1. What do you get for the angle between helix 263-275 and the principal long axis of the chain? Use alpha-carbon atoms, 0 to 90 degrees, nearest ten.
2. Give me the log10 of I(q) over I(0) for segment 71-144 at q = 0.23 Å⁻¹, as the Debye formula computes it from C-alpha points; what are the numbers?
3. Each residue of segment 394-411 in order: what ³J(HN,Hα) in whole Hz does its phi give by Karplus 6.51 cos²θ - 1.76 cosθ + 1.60, θ = phi - 60°, with x for Gly and Pro?
4. Multiply the residue gap between ASP212 and LYS473 by 0.36 nm, knock off their C-alpha separation, and tell me the result in nm, one decimal place.
5. Among LYS443, LYS176, what is the fewest-to-most ranking by other Cβ atoms within 10 Å?
6. For the residue pair GLU155 and VAL173, what label-to-label distance in nm results when each label sits 7 Å from Cα along the Cα-to-beta-carbon direction?
7. Go through GLY81, PRO107, THR95 and say which Cα lies farthest out towards the positive end of the charge dipole of segment 71-144; charges sit on Cβ, +1 for Lys and Arg, -1 for Asp and Glu.
8. Straight distance only, please: which aspartates and glutamates reach the Cα of LYS324 with their own Cα at less than 13 Å, same-chain residues fewer than 8 apart left out?
Amino acid sequence: MLQRQLQSPVRSRKGGGDTSTGPTPDRQSRLGNSAVQSGMGAKKAPEPESGANSFPDGEELQEAGAQQPMRPAKLKAGQTGALIGTGTTVKLGKTADGKGRAAAEVPDGVAAEILTVSGGRIKVKVRDGEKNVEGWVDGAVFSDQPALTRDEDDEKLVDDYVFSKVEGDHSPVDPKGKDTAQGAAGNCFLIASMAAVANASPSAIKDMVKYDKGKGTYTVRFYEEQGRGAAKPVYIEVDGYLPTEKATRKDPTYAGDEGGVMWSAIIEKAYAKWKGGYDVIGEGGTGEQAMAEITGSRSVDKRPSSLKEAEVIPFFQQAQKDGKAIYAGVKNGMKSETQTPFTGTGDGPLTGKVTHTHRWNEINPGTVEVTDKKGKAGDVHDAGEHGDKTGKLAGTGLKSGLVNYKGDAKDQLQLAYTKGAGPAQAADLEVTFEYEGVLDVNKTIIANHAYAFEGVVGKELQFYNPWGSYQPKPITPAEFLTYFDSLTTNAPPAAKTKA
């Protein structure tokens, strides 16, 4: 199954569970419906002679003109990257010759898309505040960087981050699942997969990253399935420039925490470059594919519903004993209790607001049903799709209807019937829906989310939330079967790292 993904709710992911005054999570507008695209933007090195798992020599892997930051060998329209020079800002000219007044002055490291190439000059589009601007710059300041995620409030804009250099070697030394921390991309499938593999086989994570101190770049090895279970290594080279908060230029906006262990951010960046951008991997994917691409071993899926309650603990214990990485995904939502929220009279307008068990919770589009318990008014349903903010309600005798899926909407439901078609009284209308957000407040189980298995605690299961915060409490086998709908194991290869 495709695991739709939540983004991390907070930039600072320290600490534990939910608090009533804590931060609100990012809206799930980028919970994707399409799986990660294979091979998009990959740069493949020649097959190494020393074995399928060996890194090729630096000269084989080196891209033409690779520097700190990396620069593309050729500039062309449609390329995405960043403008990284030597100062704090970059000026965009109004004309290709660079003469005259500047069209704009933007922060160094700003994400950019090339629109036109003219000799050594390029016309680019960048975000400047709450709008896009265009202008000309020297092509030498353009750096090869993965495309950023899109602004959830305006899809025409990329998120307002800048690429900043993270000094030093951040390749994994003693990797642990708890090193990982998801950021502002909806890619928990990838972060949870890294955590699961690190929990099962730290050497598998350590072996996949090679740092070149001379160039300040990292080579990350993934695997691409070739059919019939065969996997071919793919080598992706990235520099140490990461998307960061514009105000500080220190806090990574995607994987990793400022001052923390950063290997997951390096692997995430290489994966984004391979697949076509942070925006692409932020649209969701599967633990089955991601773990296989990390380890080179084929993943095995098992439906939680195929397990009996008494079989759950033994399954996890045996998989852990066998050295397998274990990834599990939570259901997209749960069905609400029946509610009667409407007020108003006659045929309307009738309005109402449903209640939730947690402030993060919102209605899942396409799941709203309104029925009249006295049978006078016809049934009503919505036709929204995932990612919609509002949706129309339709039904027999309904003149108009609207639902706002956000939990903080004042009049979340609005109905108006044709003359004589409404309920006898507003309280007769009953509402049910599926909701996303926090499925279990006490155990902190998040919907549409992926987790890495850590271990058995007594007669319960402990999972790791790849956000790095809001960690779930141990859950019973019954709770696992209630909330989870995907389960994937992967056997990493034997260690290759020298002691």
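Only the coordinates and a few stated rules stand behind these numbers; no lab work does. This is a predicted model, so every value here is computed, not measured. Positions of Cβ are backbone-derived with ideal geometry, glycine not excepted, and every protein chain shown enters the neighbour counts.
1. The answer is roughly 90 degrees.
2. -0.99
3. So the J values, rounded to whole Hz, are 9, x, 4, x, 8, 7, 7, x, 9, 10, 9, 6, 6, x, 9, 5, 5, 9.
4. Extra length from ASP212 to LYS473 when fully extended: 89.9 nm.
5. Lowest to highest Cβ neighbour count: LYS176, LYS443.
6. Using points 7 Å along Cα→Cβ, the separation is 4.4 nm.
7. Selected residue: THR95.
8. GLU288, ASP301, GLU454
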